[in-house]
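Novice: Have a look at the structure that comes next, please.
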Amino acid sequence: MLVSAKEMLTKAKAGHYAVGQFNINNLEWTKAALQTAQECNSPIILGVSEGAGKYMCGFKTVADMVKAMIDELKITVPVALHLDHGSYEGCYKCIEAGFSSIMFDGSHYPIDENVAKTTELVKVCAEKGLSLEAEVGSIGGEEDGVVGMGECADPNECKMIADLGVDMLAAGIGNIHGKYPANWQGLSFETLAAVSEKTGDMPLVLHGGTGIPADMIKKAISLGVSKINVNTECQLAFQEATRAYIEAGKDLQGKGFDPRKLLAPGVEAIKATIKEKMELFGSINKA
Ligand code: 13P
């Protein structure tokens, strides 16, 4: 069964650890994430971007696949299925499809419009028992080959959005998606501390979890971050393991090409990456 992310994040905030959001891209990725969570006795949030949802034949296919896998693999740890950086329309599609959590990324709207749309979604999610993540201050990243620096959110705007009744808040603190550029300034703990002070018990979300040094992750958790998103690092681990396997010529041996064998090293690499992150975030044995 899928659960909303609310309870796991409230516990994480109180217990000073963070729950990982690991993005899924296909069946193997999903299975690897669920099995690792179960092995680690850790809660987990499966993130699905709109692009990944489209790739996997739509949000309903994803929700049905995840629910069936939870049954089939006898997963007993809490699992939330979460829309990552949802558009306004995408949020409604995921609510309909059976997701248990959504992120409405209204950070590119003027603050008034972000407030209006978030208010409406707070109501709908509360009625249906889903958890809702909002974002203030956009998270940078690579677009058309240019890496944008992460913005720092305005703590007063964060309070305004938090007070609408969302369950978790992503505040830009200089974090970006993908690899961090060599001249990255690091996370702005000054901004994080100010946001944390204004938003109290609200679980805060750190996007762009790939490549942030372990000491910064720990400091962010100590300042109220209770959910950390990781995507690129699993993709890189998968890519590297698959490439090594192919370069070793192993896929051409034996009975010929077998996609299950070809994907196996990548899957193991994803599992190892997720386990390492769960250890760093402190979520092991917190199910
Ligand atoms: P990375 O791809 O940098 O790990 O970020 C993931 C993320 O924040 C998804 O929302």
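Coordinate-derived values only; no laboratory data. Bear in mind that the values here come from a model prediction, so they are computed numbers and not experimental data. Neighbour counts are summed over all protein chains in view; Cβ atoms, including those assigned to glycine, are modelled from backbone coordinates with ideal geometry.
Novice: For the stretch 189-273, what does the convex hull of the Cα positions come to per residue, in cubic angstrom?
Specialist: Roughly 94 Å³ of hull volume per residue.
Novice: With r as the distance between the Cβ atoms of ALA248 and ALA126 and R0 = 45 Å, compute the FRET efficiency 1/(1 + (r/R0)^6) and round to 0.05.
Specialist: Given R0 = 45 Å and the Cβ-Cβ separation, E is 0.30.
Novice: Any chance you could check the Cα centroid distance between the stretch 119-136 and the stretch 17-49 for me, in angstrom?
Specialist: 22 Å
Novice: Would you please classify the overall shape of the stretch 98-221 from the alpha carbon gyration tensor, given that a ≥ b ≥ c denote the square roots of the eigenvalues, rounded means a/c under 1.5, and beyond that prolate means a/b larger than b/c while oblate covers the rest?
Specialist: Because a/c hits 1.5 or more and a/b exceeds b/c, the stretch 98-221 counts as prolate.
Novice: Further question: Residue by residue, what Karplus-based ³J(HN,Hα) values in Hz, rounded to whole numbers, does the stretch 174-185 have, using 6.51, -1.76 and 1.60 with θ = phi - 60° and x for Gly and Pro?
Specialist: My calculation for the stretch 174-185 gives x, 7, 9, 7, x, 6, 7, x, 4, 8, 4, 7 Hz in order.
Novice: At 222 nm, what helix-only mean residue ellipticity would the chain give, in deg cm²/dmol to the nearest 500, using -39500 (n - 2.57) for each DSSP H run of four or more?
Specialist: On the way: 11 runs with 139 residues, N = 287.
Here the helix-only value at 222 nm equals -15000 deg cm²/dmol.
Novice: What is the extension gain from GLU72 to ALA116, computed as 0.36 nm multiplied by their sequence separation minus the C-alpha to C-alpha distance, in nm to one decimal?
Specialist: Using 0.36 nm per residue and subtracting the Cα-Cα distance, I get 11.8 nm.
Novice: Step through the residues of the stretch 14-28 one at a time and calculate ³J(HN,Hα) from phi using the Karplus curve (6.51 cos²θ - 1.76 cosθ + 1.60, θ = phi - 60°), rounding each to whole Hz and writing x for Gly and Pro.
Specialist: 5, x, 6, 9, 10, 9, x, 9, 10, 6, 10, 10, 6, 4, 4
Novice: Kindly write out, for the stretch 124-135 in residue order, the coupling ³J(HN,Hα) from the Karplus curve 6.51 cos²θ - 1.76 cosθ + 1.60 (θ = phi - 60°), rounded to whole Hz, with x marking Gly and Pro.
Specialist: Karplus values, whole Hz, x for Gly and Pro: 4, 5, 5, 4, 9, x, 9, 8, 10, 10, 10, 10.
Novice: Another question, then. Compute the FRET efficiency between ASP201 and ILE284 as 1/(1 + (r/R0)^6), taking r as their Cβ-Cβ distance and R0 = 22 Å, and round to the nearest 0.05. Display every interim value, and only then the final one.
Specialist: Details: r = 23 Å, r/R0 = 1.07.
For ASP201 and ILE284, the calculated efficiency is 0.40.
Novice: Still on this structure: Compute the Cα gyration tensor for the chain, then decide on rounded, prolate or oblate, letting a ≥ b ≥ c be the square roots of its eigenvalues: rounded whenever a/c is under 1.5, prolate when a/b is larger than b/c in the other cases, and oblate in all that remain.
Specialist: Taking the square roots of the gyration eigenvalues as a ≥ b ≥ c, the chain is prolate.
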